[in-house]
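FYI, it's all coordinate maths here, none of it is from the lab. Here the structure is a predicted model, which is why all the values come from computation and not from measurement. Positions of Cβ are generated from backbone atoms using ideal geometry, with glycine treated the same way; all protein chains shown enter the neighbour counts.
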Amino acid sequence: MITLSNLRPAEGSTKSRKRIGRGPGSGRGGTSTRGHKGGQSRSGYSRKPGFEGGQMPLKNRVPKFGFKSLNRVEYAPLNLDMIQSFVESYQTSQINLEFLMEHGFVSNAKTKVKLLGRGEIKSSVQISVHACSESAKAAIEQAGGSVHLIGS
């Protein structure tokens with residue numbers, strides 16, 4: 001009968017590790033399976049990341065492309081359909097950065113939010129965001145709401 005006290009791994013499923021550097025009688029003494037001389041035989045040796053044995057590394061063979069401006073401003077997109085779902089689920093008429101942080105839409109106060117025009121909005125709502133597209137602003141004002149731009 002098998003109990004927790006007599007459990008054993010299956011026969012042949014485990015191997016004992018190689019005990020390296022334990023004298024000449026072990027068969028793995030002397031150079032300890034590292035070969036003779038050279039960087040790889042020394043302690044503390046580490047191969048550079050991406051090193052391919054002297055062959056030109058892949059990162060150097062592939063051409064460079066693309067550009068990211070140092071002055072770019074990245075926004076978290078907030079669409080009209082999301083605003084409508086916020087209004088329906090939280091019964092609110094005001095959406096600002098604090099509301100969005102409280103409900104997990106943005107992680108911190110430094111995140112900039114841009115209002116975009118995907119979807120449609122039926123409710124009157126006051127929104128405070130950092131940027132806004134023309135179509136989104138027109139749709140909100142048509143529904144009886146208003147858009148206030150933060151920092152302007």
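I need the chymotrypsin sites (Phe, Trp or Tyr not before Pro) found in the range 39-84, filtered to DSSP loop residues with at most 14 other beta carbons within 10 Å of theirs.
Taking the range 39-84 and a limit of 14 other Cβ atoms within 10 Å, the loop chymotrypsin sites (Phe, Trp or Tyr not before Pro) found are Y45, F51, F65, F67.
Want the number for F51 to N96: 0.36 nm per residue separation, take away the alpha-carbon distance, what's left?
Net length gain for the segment: 11.2 nm.
In the neighborhood of A131, defined by Cβ-to-Cβ distances under 12 Å, what is the net charge if each Lys or Arg adds +1 and each Asp or Glu adds -1?
Working: positive: K112, K114, K137; negative: E74, E134.
Net charge around A131: +1.
Kindly rank 84-96, 52-64 from highest to lowest mean number of other beta carbons found within 10 Å of each residue.
84-96, 52-64
What's the local net charge at V113, with K and R +1, D and E -1, over the other residues with C-beta under 12 Å away? Spell out each step's value before the answer.
Working: positive: K110, K112, K114; negative: E74, E98.
Here the charged neighbours net out to +1.
Sort the following peptides by mean Cβ neighbour count (other Cβ atoms within 10 Å, averaged over residues), highest first: 6-18, 104-116.
So the peptides 6-18, 104-116, ranked by packing, come out 104-116, 6-18.
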